[in-house]
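Okay, structure first, notes after.
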């Protein structure tokens with residue numbers, strides 16, 4: 001079974017699912033942009049808090065409490081595993097990208113999920129430089145997601161057996 005061989009209505013349903021899922025994922029990215037400016041400094045402020053210059057200075061951001069860190073990590077790892085699990089299972093049936101690259105694209109967002117949400121703990125409790133890991137793994141995670149969805153939408157909506 002391949003995506004382009006599915007019945008027309010199932011193709012449209014899966015396309016709609018992928019579009020709605022992508023809107024949700026993109027809104028999450030907009031939230032990240034709003035809260036961190038997708039910068040190392042913004043990411044550090046989000047998790048480790050703002051630098052206080054003296055005892056009378058009020059920080060713009062306080063360090064994220066452990067309970068919030070646990071909730072963020074828990075919610076994202078579970079929801080991203082489900083998102084990338086569903087997307088990866090559908091992507092398995094694409095014919096546009098095959099072989100090792102198919103497996104890499106399927107596995108990478110799951111690995112990046114662990115690295116991204118593990119590294120925020122590094123930002124909070126070890127060193128601000130963990131923000132670089134957070135940003136790089138986040139970029140890889142979203143990039144692979146968008147590549148998989150684009151390939152699937154192309155195959156579902158435009159690809160035919162005639163080559």
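So for segment 1-66, considering every pair of alpha-carbon atoms, how many percent are separated by more than 19 Å? Each step should come with its number before you reach the end.
Working: 1235 of 2145 pairs.
Everything past 19 Å amounts to 58 percent.
Angle, helix 66-92 long axis vs. longest principal axis of the chain, Cα atoms, 0 to 90°, nearest 10?
For 66-92 against the chain, the angle is about 10 degrees.
Once label points are set 7 Å from the Cα along Cα→Cβ at both residue 31 and residue 89, what is their separation, rounded to one decimal in nm?
2.3 nm
Among [x] 56, 31, 28; [y] 68, 67, 27; [z] 71, 27, 25, which one is Cα extents along the principal axes in Å computed from these coordinates?
Answer label, from the structure shown: [z].
At 222 nm, what helix-only mean residue ellipticity would the chain give, in deg cm²/dmol to the nearest 500, using -39500 (n - 2.57) for each DSSP H run of four or more? Could you put the intermediate results ahead of the total?
Numbers: 5 runs with 120 residues, N = 163.
Value at 222 nm, helices only: -26000 deg cm²/dmol.
Working from Cα positions, state the angle (0 to 90°, nearest 10) between the long axis of helix 99-125 and the longest principal axis of the chain.
Orientation of helix 99-125: about 10 degrees from the principal axis.
Any idea what angle helix 130-157 forms with the longest principal axis of the chain, computed on alpha-carbon atoms, 0 to 90 degrees, nearest 10?
Helix 130-157 and the main axis of the chain meet at about 20 degrees.
Quick check on segment 75-118: take the gyration tensor over C-alpha atoms, sort the square-rooted eigenvalues as a ≥ b ≥ c, and tell me if it's rounded (a/c under 1.5), prolate or oblate. Walk me through the numbers on the way to the answer.
On the way: a/c = 4.77, a/b = 1.82, b/c = 2.62.
Note, shape of segment 75-118 comes out oblate.
For the chain, what is the relative contact order in percent, using Cα pairs closer than 8 Å and at least 6 residues apart in sequence?
Working: 166 pairs, mean separation 50.8, N = 163.
Relative contact order, the chain: 31 percent.
Evaluate the relative contact order of segment 43-134 (contact order divided by residue number), counting alpha-carbon pairs under 8 angstrom at least 6 apart; express in whole percent.
Working: 79 pairs, mean separation 28.5, N = 92.
Here the relative contact order equals 31 percent.
Alpha carbon centre of segment 87-163 versus segment 22-86: separation in Å?
That distance is 20 Å.
No lab work stands behind these numbers, since they all come straight from the coordinates. Worth saying up front: this structure is predicted, and the values here are computed from it rather than measured. A quick note on method: Cβ atoms are made from the backbone with ideal geometry, for glycine too, and the neighbour counts reach across all protein chains shown.
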